[in-house]
1. As a test of the formula, what do you get for chain B when each DSSP H run with n ≥ 4 contributes -39,500 (n - 2.57) and the sum is divided by the residue count, at 222 nm and rounded to the nearest 500 deg cm²/dmol?
2. Put a point 7 Å out from Cα along the line to Cβ at B:Gln185; what are the distances to that point in the other copies, in nm, shortest first?
3. For segment B:157-325, what is Rg from Cα atoms divided by 2.2 N^0.38 Å, rounded to two decimals?
4. Check the axis relating chain A to chain B and name the residue of A whose C-beta is nearest, distance in whole Å.
5. Put a label point 7 Å from Cα along the Cβ direction on B:Ile27, then list its distances to the equivalent points in the other copies in nm, shortest first.
6. Report, largest value first, the span of the C-alpha coordinates of the protein assembly as shown along each principal axis, in whole Å.
7. Which whole-number value in Å³ per residue fits the convex hull of the alpha carbons of segment B:32-143?
8. Explain nothing, just the number: dipole magnitude of segment B:157-325 about its Cα centre with +1 on each Lys and Arg Cβ and -1 on each Asp and Glu Cβ, in debye rounded to the nearest 20.
Protein chains: 2
Amino acid sequence: MKLKGLSEKELIQALRQEFRSDRENIILGIGDDAAVIRPGGKYQVLTKDLLIENTHFLAALHPADLLARKSLSVNLSDVAAMGCRPRYVLFGLGLPSGTDPVWIEEFMSGLKIAADEFDVSLVGGDVTQAERISISVTLLGEGDRFITRSGAQVGDRLYVSGTLGDAAYGLDLLRDHVKLGDGSQTDICLRAFLDPIPQVALGLALAQLAIPSAMIDVSDGLSVDLRHICEESGIGAEVYEDTLPLSEALMSLSPDPMRMALHGGEDYHLLFAVSEENAPLISKIQQSFGVKEIGRFIPGKEIYWINAAGLREILVPAGFQHFRKGKA
Amino acid sequence: MKLKGLSEKELIQALRQEFRSDRENIILGIGDDAAVIRPGGKYQVLTKDLLIENTHFLAALHPADLLARKSLSVNLSDVAAMGCRPRYVLFGLGLPSGTDPVWIEEFMSGLKIAADEFDVSLVGGDVTQAERISISVTLLGEGDRFITRSGAQVGDRLYVSGTLGDAAYGLDLLRDHVKLGDGSQTDICLRAFLDPIPQVALGLALAQLAIPSAMIDVSDGLSVDLRHICEESGIGAEVYEDTLPLSEALMSLSPDPMRMALHGGEDYHLLFAVSEENAPLISKIQQSFGVKEIGRFIPGKEIYWINAAGLREILVPAGFQHFRKGKA
């Protein structure tokens, strides 16, 4: 097993190669938003995320209840991106000795409220000592069908479930010590980062109507996550500047809202492909959920960015070092 | 939700209270070796463990391949303690930036070998940055039946699957910079700590024959883990010094082998209760697995220690601060 070089992507690629499985009840292994198994009649999706202080969150700036909620939400979002129903949670928590009991109380309250709200059951966990706060969440979901990243076809339309970039700007605000309650516009961005809303109901509705040909959640940024769909589906895409949904808050606050929207990450909106044939079905869900068409899948490998003037350039993901890659 | 005080046990107790679920397909929630759900025909068991550098392991002293293996083994041991078959693994890894690629390669090789050996499939995971190495493993198992901690009855016999205390002494050796290969006796103890063998085949055999009334794996030490069975079953127990299995290595090396065996932890042997009626069945598995009777369940709440001279004293778990509680 060769693992020279240490990028997260390469490591996951190596794992995927090494641990590829052809067992019949493993429907989908490493490399999508969640794994899919089929131990019985229904599909089960499995996902886990490890959130580590100073890599994924700043404990001093993230209210404990919202941190607990977000650690669940990012996993709910993965299950939503599979189009499945989240069901069971396992929670692991590493805490520095001497952690304020009030912090723990608030954290647990936030977890409880979020679990109730999304109708998932905490069935197990692990509490241990750590130098930095470490949060490990595993989520099991189930469904009669599921949507992968790999099914997009040339000609499919590209949709997103809401405004992009707010969370990335919210992190910038947080680093500048702007707090919740300081202003209604800043609150929108702060909340997008501190308390993202996983699109569980939308993911389920889309899968039940069998609308998307491919789906992912926007955790690493549009430019990165769209690339995941393109690579897995073996095609390219183009994104139109004039259709990209930006919040009024972001546009009024940020000096470069479009860069935030394209590369920022942490939005946890759903990004999905819909065939020409299925596109009319979108109207069925558009009354309940604000989804927006932002591009199209094309032949080739590249992702193009078509700006408002109609100029076409290759969309390069590398321009923005975002939080999850260890900027903090 | 009240969480004054910060002990791991109290926290888990609070979680258990707060997140109690009466959904019909959650068979067993927080508080055993693993959770049990029944989404389809079979039971599924879910367990997760978070292993954090300097709390659970010393990265500089633990060979990477054995560390990977152990992080899987401690979860396999939880599933074994439920009497179920381990099936699917999710792996989360937090790594400091600049981690030696050779270390990662060895770690992944160890993981691959262990997964193959125990016939489990790695279906997903997460690699991220962290200041300290953090390893988060989730394991799903399945079975037609499962064994909890809570079924022991007064009069049941107490069995253990192998020698105790080796791992705890192995940790002491490791701290004194004794290495694998330095000696055959020290190797036995070092290996018990660095590369414990989860008793998966034994757990399955016991459950298939429906032999144990209660079962747990010895991760925190006999005195602590036996207390878990007693508390969950609402009874007491007594343990006999002259039957407690100690390795020759431990007896020849340690100044206080009995203390290691009673309170040391990290052994990952199975500890289980068997009724008088089922006791003859033990002979069926005794040829394949070295299980030993070491005590008996009695009325009351206390756990007694009967020494070789026949003196009876209460077994207090608090005497030994072991590794998992953050001694390092």
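Bear in mind these aren't lab numbers, they're just calculated from the coordinates by the rules spelled out. Because the structure is predicted, anything quoted here is derived from the model rather than measured. No Cβ is skipped: glycine too gets one built from the backbone with ideal geometry, and neighbour counts run over all protein chains shown.
1. Details: 10 runs with 106 residues, N = 328.
My calculation for chain B gives -9500 deg cm²/dmol from helical runs alone.
2. Result, one decimal in nm: 7.6.
3. Numbers: Rg = 15.6 Å, N = 169, 2.2 N^0.38 = 15.5 Å.
Here the answer is 1.01, to two decimals.
4. Result for the A and B rotation: A:Gly40, 1.
5. Between copies, matching label points for B:Ile27 lie 2.3 nm apart.
6. Here the Cα extents, ordered largest to smallest, are 92, 48, 46 Å.
7. On the way: hull volume 10.8 nm³, N = 112.
So the per-residue Cα hull volume is 97 Å³.
8. Details: 13 positive and 23 negative charges, 33 e Å.
Result for segment B:157-325 is approximately 160 debye, rounded to the nearest 20.
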